[in-house]
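Visitor: Structure below; questions to follow.
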Amino acid sequence: MSTQPRHTGRCLRQLLGLLLILSALSTLNAFYPFSYLGWTGHFQFHLLIASILSLLLFRIPRVRAAFWRPIRVQLLFCVTGFTHFLIVAAALAPLTQPDLVEPIPIRLGWFNAQWNPDALDLVLGLFTDEDVDFFGIAEVPFDFHNGNPRLANWPHLAYSPSHQLLLASRTPLESTRLPRAGWPTMIKTATTIQGRSIHLHGAHLSIPFSSNHKRQFERLPQMLAKEHKSTQAKSASLAMGDFNSTPWVQEFADLQQSGWRDTRRGHWPTPTWGPFGHFWVGLPIDQMLISGPLRCLNFRVGPDCLSDHKPLLVDLELGRPRREYTIGQN
């Protein structure tokens, strides 16, 4: 036997072995995140695809010949692939919508502009064409309000220069409120549509690699749970932003356990962020959560707008609740 096949077989065994280790770490960190390895839990969908491709590799005779007992390796990939599938499917299971009385249609948008004026101009054009009622933008350029005529479509703004967060609305907004120091980066306001109040939150959390991310996600459910409890009976609430978190990790599940509903449920996990704009290897880390008498009609990820993020477009109905919602039941 030549050294080339031996070297190829050894490299293949090492590669697939590393993939199995990463799959195990990812599954563990989806439920019990470690401070420095918690980021691995966000790659459930990628590892599901990798497990399927690895199983297909074993259809090649040379690949099977590189392993002493290939059936055991195939079985391991079946287990890891099925585990990743269950985690992704559970996080994206369709959400039964609440019954509403006299619902009002509204359309919302979200975007991370990465401080790029050209990206801001493109997304404002998109939001204009899509007839968006409210939108939020993170990493908004500091001079965004100078000379951009498209902003005239949303004359009511809530802006925090220190947080680089903007909320814009066609209807008048209440005064902007900011969290105290050390809490998640978020601005909060409210508006009224045809006599119905809706509370708006815009958030931009730290990246998963930072120690701040874990602290922020420990506090965010507290903030939103308090908001959900205080407004659930009286008005609707909406939290949108760059959460730097995918739907299939425990920290994001904690948000939904506090009473919020993920508008992405029932939709394909299209990436909203991609490294250097390469969205095919990206992650769905931009989110929109709803609470109270709101019903999600449609969830879309918009086109590339010259940022490392893509915009979100979500169609909702605002009304009065008739019965409580449930997950996975009709």
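Visitor: Per DSSP helix of 4 or more residues, -39500 (n - 2.57); summed, then divided by the residues of the chain. What does that give at 222 nm, rounded to the nearest 500? Could you put the intermediate results ahead of the total?
Guide: Numbers: 7 runs with 112 residues, N = 330.
About -11500 deg cm²/dmol.
Visitor: With an 8 Å Cα cut-off and a minimum separation of 6 or more residues, compute the relative contact order for the stretch 251-310 in percent. Intermediate values should be presented prior to the final figure.
Guide: Working: 70 pairs, mean separation 20.8, N = 60.
After rounding, I find 35 percent.
Visitor: Which of the three applies to the stretch 94-134, rounded, prolate or oblate, going by the alpha-carbon gyration tensor with a ≥ b ≥ c and a/c under 1.5 meaning rounded? Walk me through the numbers before you get to the answer.
Guide: Values: a/c = 4.43, a/b = 2.29, b/c = 1.93.
It comes out prolate by the Cα gyration axes.
Visitor: Oh, and also: Mind checking which helices in the chain clear 27 Å along their axis (Cα) and have mean Kyte-Doolittle hydropathy of -1.0 or more, DSSP H runs only?
Guide: Values: long enough: 3-31 (43 Å, 0.49); 70-91 (32 Å, 1.58); 211-231 (31 Å, -1.64).
Membrane-span-like by this rule: 3-31, 70-91.
Visitor: Among ALA90, VAL79, LEU12, whose Cα lies farthest out toward the positive end of the dipole of the stretch 3-91, if unit charges sit on the beta carbon of Lys, Arg (+1) and Asp, Glu (-1)?
Guide: LEU12
Visitor: Could you give P(r) for the stretch 3-91, binned at 5 Å from zero, as whole percent values over all Cα-Cα pairs?
Guide: 3, 14, 24, 22, 15, 11, 7, 3, 1, 0
Visitor: Give, in nm to one decimal, the length gained when the segment between ASP129 and LEU12 is fully stretched (0.36 nm per residue of separation minus the Cα-Cα distance).
Guide: Numbers: separation 117, 0.36 × 117 = 42.12 nm, distance 4.98 nm.
Between ASP129 and LEU12, full extension yields an extra 37.1 nm.
Visitor: Along the charge dipole of the chain, which of PRO155, LEU313, PRO271 sits closest to the positive end, that is, farthest toward it, with unit charges on the beta carbon of Lys, Arg, Asp and Glu (+1, +1, -1, -1)?
Guide: Working it through, the farthest residue towards the positive pole turns out to be PRO271.
Visitor: Also, quick follow-up: Between ILE104 and TYR36, what is the FRET efficiency for a Förster distance of 45 Å, r being their Cβ-Cβ separation, to the nearest 0.05? Write down the numbers at each step before the final one.
Guide: Details: r = 46 Å, r/R0 = 1.02.
My answer for the efficiency is 0.45.
Visitor: Just to verify a number: FRET efficiency for ILE60 and PHE82, C-beta to C-beta distance, R0 = 22 Å, to 0.05? Present the calculation step by step, with values, prior to reporting the outcome.
Guide: Values: r = 22 Å, r/R0 = 1.01.
After rounding to 0.05, the efficiency reads 0.50.
Visitor: Next question, about the same structure. Given +1 on the Cβ of Lys and Arg, -1 on the Cβ of Asp and Glu, and no further charges, what dipole in debye does the chain carry about its Cα centre, rounded to the nearest 20?
Guide: Values: 30 positive and 23 negative charges, 309 e Å.
About 1480 debye.
Visitor: Using a ≥ b ≥ c from the Cα gyration tensor of the stretch 100-321 (square roots of the eigenvalues), is it rounded, prolate or oblate, where a/c under 1.5 gives rounded and otherwise the larger of a/b and b/c decides, a/b for prolate?
Guide: Details: a/c = 1.29, a/b = 1.07, b/c = 1.21.
Rounded, because the longest to shortest axis ratio a/c is under 1.5.
Visitor: Quick one: compute the contact order of the chain, relative version, from alpha carbon pairs under 8 angstrom and 6+ residues apart, as a percent.
Guide: Values: 653 pairs, mean separation 67.9, N = 330.
Over the chain, the number comes to 21 percent.
Visitor: Then there's this: Taking K and R as +1 and D and E as -1, what net charge do the other residues with C-beta under 14 Å from the C-beta of SER54 add up to?
Guide: Numbers: positive: ARG13, ARG59, ARG64, ARG72; negative: none.
For residues surrounding SER54, the net value is +4.
Every number here is computed from the coordinates shown, using simple stated rules; none is lab data. Since we're looking at a predicted model, the values are computed, not measured. Positions of Cβ are backbone-derived with ideal geometry, glycine not excepted, and every protein chain shown enters the neighbour counts.
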